[in-house]
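Encoded as structure tokens, the structure appears first; notes follow it.
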Amino acid sequence: MHGLVGELIGTCVLIVIGAGVGAGIHLQDSYASGESNDWFYITIVWGLAVTMGVYVAGSFGSLGHLNPAITIAYALFGLFSWHSVVPYLIGQFIGAFIGAVIVIVHYYPHFSATEGEKQGNTVGIFATMPAINNPVFNFLSEVIATFFFVLILLNLGDFTKGLKPVIVGLIIFVIGAGLGPTTGFALNPARDWGPRLAYTLLPVPNKGIGHWNYAWVPMLGPMLGAIFATGLQVMLA
């Protein structure tokens, strides 16, 4: 239960801050409107969102994965107990969904003031979309970005302790800056699917569509990238 609760609350924190910056820059009439092309701004806030989520998750007794790709890849190679996989996954997806709900409530008047996708009321506030729609290369981009993210992460040891969550946030920032502009760098199936589902199901004013035809990319790409990185680390260790 500690793992489930920690992952749920930590992932919720991650999405509230991360999707919150997306809402702030895309929706009309917020003080952050007009910053939508500032990729540096977006990537650093997502990095800090992960930092805060890891700290909170760790304080509730989880390992701060916040990411099914990490949980599953670690379990496959004996770095994490299979007994804890299901509670971690449940916590991650539910936490991501709840985080998106909180952002929708927080920005509700701004969703009402933003008339459709042309003005910025899109699922991209919550989930990832490719800059150029090319499913094969979009998938490869997610595999590559997640591979390097997890490879670096594996060499931090317990990344919930001390200043290590700050380092995790910096990793997210540099991966996002260097490899993220192609797809929006999901790196994390729960971070994409939980908020995408919330945006699709909830009565968000003037909302666009969920673009579920693309959702397999941020689900499978990070999974494969994390498995490749963990396998390589275990093989060479």
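Just so it is clear, none of the values below were taken in a lab; they were calculated from the coordinates. None of the values given here were measured: they were computed from a predicted structure. Heads up, the Cβs are rebuilt from the backbone with ideal geometry, glycines too, and the neighbour counts pull from every protein chain shown.
Taking R0 as 41 Å, what FRET efficiency do you get between ILE144 and TYR108 from their Cβ-Cβ distance, rounded to the nearest 0.05?
Details: r = 37 Å, r/R0 = 0.90.
The computed FRET efficiency comes out at 0.65.
Rounded to two decimals, what ratio of Rg to Rh does the chain give with C-alpha atoms and a Kirkwood Rh?
On the way: Rg = 16.6 Å, Rh = 17.4 Å.
When Rh is taken as the Kirkwood radius, the ratio is 0.96.
For ASN121, list long-range residues whose amide hydrogen, built 1.01 Å from N in the peptide plane, is under 5 Å from its own amide hydrogen.
So ASN121 has HN proximity to GLY116.
Can you tell me which lysines have their Cα less than 22 Å from the Cα of LYS207? Leave out same-chain residues fewer than eight positions away.
Result set, ordered by chain and number: LYS118.
Hey, can you rank 73-85, 180-192, 112-124 by average C-beta count inside 10 Å, highest first? Don't skip to the end; give the middle numbers.
On the way: 73-85: 16.2, 180-192: 26.2, 112-124: 18.0.
Averaged packing, sorted descending, gives the order 180-192, 112-124, 73-85.
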